[in-house]
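The values are calculated or read from the model by the stated rules, or taken from the named source; none is laboratory data. Nothing here was measured: the structure is a model prediction, and the numbers come from that model. A quick note on method: Cβ atoms are made from the backbone with ideal geometry, for glycine too, and the neighbour counts reach across all protein chains shown.
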Amino acid sequence: MAAANEGFRALDEKSLVEYIKSTPALSSHLGEHLDGLTVKEVGDGNLNFVYIVVAPNGGSFVIKQALPYIRCVGESWSMTKERAYFESLALRQHGSLCPDHVPEVYHFDRPMSLIGMQYLKPPHIILRKGLIAGVEYPLLAEHMSTYMARTLFFTSLLYRSTLEHKREVAEFCGNVELCRLTEQVVFSDPYRVVEHNRWTSPYLDKDAEAVRGDNDLKLEVAGLKSMFCERAQALIHGDLHTGSVMVTADSTQVIDPEFAFYGPMGFDIGAFLGNLILAFFSQDGHAGQGNDRESYKQWILKTIEETWNLFQDKFISLWNEHKDGNGEAYLLSIYNTPELQVLAQKKYMNDLFHDALGFGAAKMIRRIVGIAHVEDFEAIPDASKRADCERRALNCAKMLLKERRRFQAIDPVISAIKEIAST
Ligand code: ADP
Ligand code: SR1
Ligand code: MG
């Protein structure tokens, strides 16, 4: 334990200034005058401490430090601060594959579990907050489909040799504690009685109990959990919800990949789509004062549809472009006719679609009856209204989890969401 903490000290707004002054990789971003720095802790995520640093000359960056516990629970739930190392690796790798949509890393200090990165300046805001406010982002589907297609394709065996792939898989196996946290809070706890589960009680008491008593649901979740633990398909972000995306009208930036590891691609795609579905079902709770949110709901559904369809097109384009490269999954000497290649791609995308729907649904369920909820619902002050929104989302998630294999395209999924919304 002592060795693990060697060279570590938790910083605060004051001690961070001294740290910056003695770290050229950081101070070089701030010009000559370091005395007028403003430092503000803004961490509103569940795990870490995040500081925005701005110099009088306008130079800036963000400092993110992991402490050896989960911030939203407290010191009683310890968690390796090595998560910062994996976050920095993933930011750098995903950043090199998709620089337009990932903030640049300026500095990483492993003993301090501290990352210095590009400050995503206002008007960037967390996408989840924009969705709650009812703001449309016309380029969101375009940007997120590019981010997911590029980061997932180029870290998979469709592009890489098994030699490269195994080496990377081995490195990210080190992020085991964060994977175990997901295993527990996404795939296990919502389906059993545990102290930290919560829901909008008493309205959803029966619904939460029904989740714990639904054997079909439990069997489906077991399949997804085993895929999450066993399938090293690509370097996934691992926590790609709408709180991990910062946006403006023309910029989309993915932050916070501390849960990154080699896992199933559908986990990232599902996280993003599932959180958009949660945003959709929360809208009735935000309606009012002359805005019924109906057209906004249509925009969210269109974004879900476009994200998947654009992702699919871009992923297949990358596959076609690199089909005679080093990727070892589908050797050209075997998949040697255009017909067979199309069949292989269709099967791959169909399986991935079903994985994404399943994981997306599991991520929706955990946000309604598990430990960590989402602001989309939490910001609805009237508990009975909130519960109505959550119940529809939960019913949608249960249906998707159990029936996902009957969907062959995203349009019927959208129709099914609309149908549940009208109940
Ligand atoms: P956690 O790991 O605790 O979830 P996040 O990485 O999600 O922390 O960051 C918490 C908050 O800090 C975000 O919601 C966002 O408001 C802010 N933030 C994080 N990174 C940046 C950045 N690069 N630029 C601007 N703000 C950021
Ligand atoms: C205690 S669970 C905290 C959650 O916050 C992170 O963003 C992950 O989603 C994790 O499951
Ligand atoms: Mg976060």
*Which residues, taken from the range 374-389, are in a loop (DSSP other than H, G, I, E, B) and either surrounded by fewer than 18 Cβ atoms within 10 Å (Cβ to Cβ) or of a type in the set (Ser, Thr, Tyr) (or both)?*
ALA379, PRO381, ASP382
*Just a yes or no: is a residue in the range 71-82 closer than 16 Å to TYR119 by Cα and within 16 Å of ligand 3 (Cβ to nearest atom)?*
no
*Taking only pairs six or more apart or across chains, which ones have beta-carbon atoms under 6 Å, a first residue in the range 124-151 that is closer than 21 Å to GLN283 by Cα, and a second residue that is part of a helix (DSSP H, G or I) and of a type in the set (A, V, I, L, M, F, W, C)?*
LEU131/ALA279; GLU136/TRP299; ALA141/LEU310
_Residues of the range 229-274 satisfying the condition of being crowded, with 24+ Cβ neighbours inside 10 Å, in a helix (DSSP H, G or I) and either more than 15 Å from ligand 1 (Cβ to nearest atom) or at pLDDT below 95 (or both)_ = MET265, GLY266, PHE267, ASP268, ILE269, GLY270, LEU273, GLY274
_Return the residues of the range 347-360 that are under 14 Å from the mean Cα position of the chain (by Cα) and of a type in the set (A, V, I, L, M, F, W, C); say none if nothing qualifies._
ALA356, PHE359
*Output the residues belonging to the range 28-49 that are in contact with a Gly (Cβ under 7 Å, 6 or more places away or on another chain) and acidic (Asp, Glu).*
none
_Considering residues of the range 133-164 that are assigned to a helix (DSSP H, G or I) and touching a strand residue (DSSP E or B) at 6+ places or on another chain (Cβ under 8 Å) only, the residue farthest from SER251 (Cα to Cα)_ = PHE153
*Does PHE61 fit the bill of being within 24 Å of GLN253 (Cα to Cα), buried (at least 17 other Cβ atoms within 10 Å of the Cβ), within 10 Å of ligand 1 (Cβ to nearest atom) and of a type outside the set (Lys, Arg)?*
yes
*Is it true that LEU47 is assigned to a loop (DSSP other than H, G, I, E, B), out of contact with any Asp or Glu (no Cβ under 6 Å at 6 or more places or on another chain) and touching a residue at least 24 places away in the same chain (Cβ under 8 Å)?*
yes
*Would you check which residues across the range 301-360 are touching a residue at least 24 places away in the same chain (Cβ under 8 Å), assigned to a loop (DSSP other than H, G, I, E, B) and farther than 19 Å from PRO264 by Cβ and list them?*
HIS322, GLY325, ASN326
_Unmet criterion (only one of (1) more than 10 Å from ligand 1 (Cβ to nearest atom); (2) surrounded by fewer than 18 Cβ atoms within 10 Å (Cβ to Cβ)) for TYR19_ = (2)
*Only one of (1) more than 26 Å from the chain's Cα centre (by Cα); (2) farther than 28 Å from GLU220 by Cα fails for ILE380. Which number is that?*
(1)
*Tell me, please, whether a residue that is touching a Lys or Arg at 6+ places or on another chain (Cβ under 7 Å), modelled with pLDDT of 95 or more and farther than 30 Å from CYS98 by Cβ can be found in the range 168-184.*
no
*Give the residues of the range 401-412 that are farther than 12 Å from ALA356 by Cα and either hydroxyl-bearing (Ser, Thr, Tyr) or in a helix (DSSP H, G or I) (or both), sorted by residue number.*
LYS402, GLU403, ARG406, ASP411, PRO412
*State which residue pairs qualify: first residue buried (at least 18 other Cβ atoms within 10 Å of the Cβ) and inside the range 176-187, second residue in a helix (DSSP H, G or I) and of a type in the set (A, V, I, L, M, F, W, C) in any location, beta carbons under 6 Å apart, and separation of 6 or more residues or different chains.*
VAL186/ALA362; PHE187/VAL221
*Kindly indicate whether ALA387 is under 26 Å from the mean Cα position of the chain (by Cα), within 16 Å of ligand 2 (Cβ to nearest atom) and closer than 24 Å to VAL221 by Cα.*
no
*From the list VAL211, VAL176, which one is of a type outside the set (Lys, Arg) and within 19 Å of the chain's Cα centre (by Cα)?*
VAL176
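One line per residue, one yes/no per condition, for (1) away from ligand 2 (no atom under 16 Å from the Cβ); (2) in contact (Cβ under 8 Å) with a residue 40 or more places away in the chain; (3) within 27 Å of VAL247 (Cα to Cα); (4) part of a strand (DSSP E or B):
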| position | (1), (2), (3), (4) |
| --- | --- |
| SER15 | yes, no, no, no |
| LEU26 | yes, yes, yes, no |
| ILE52 | yes, yes, yes, yes |
| GLY58 | yes, no, yes, no |
| CYS72 | no, yes, yes, no |
| SER88 | yes, no, yes, no |
| SER96 | yes, no, yes, no |
| GLY116 | yes, yes, yes, yes |
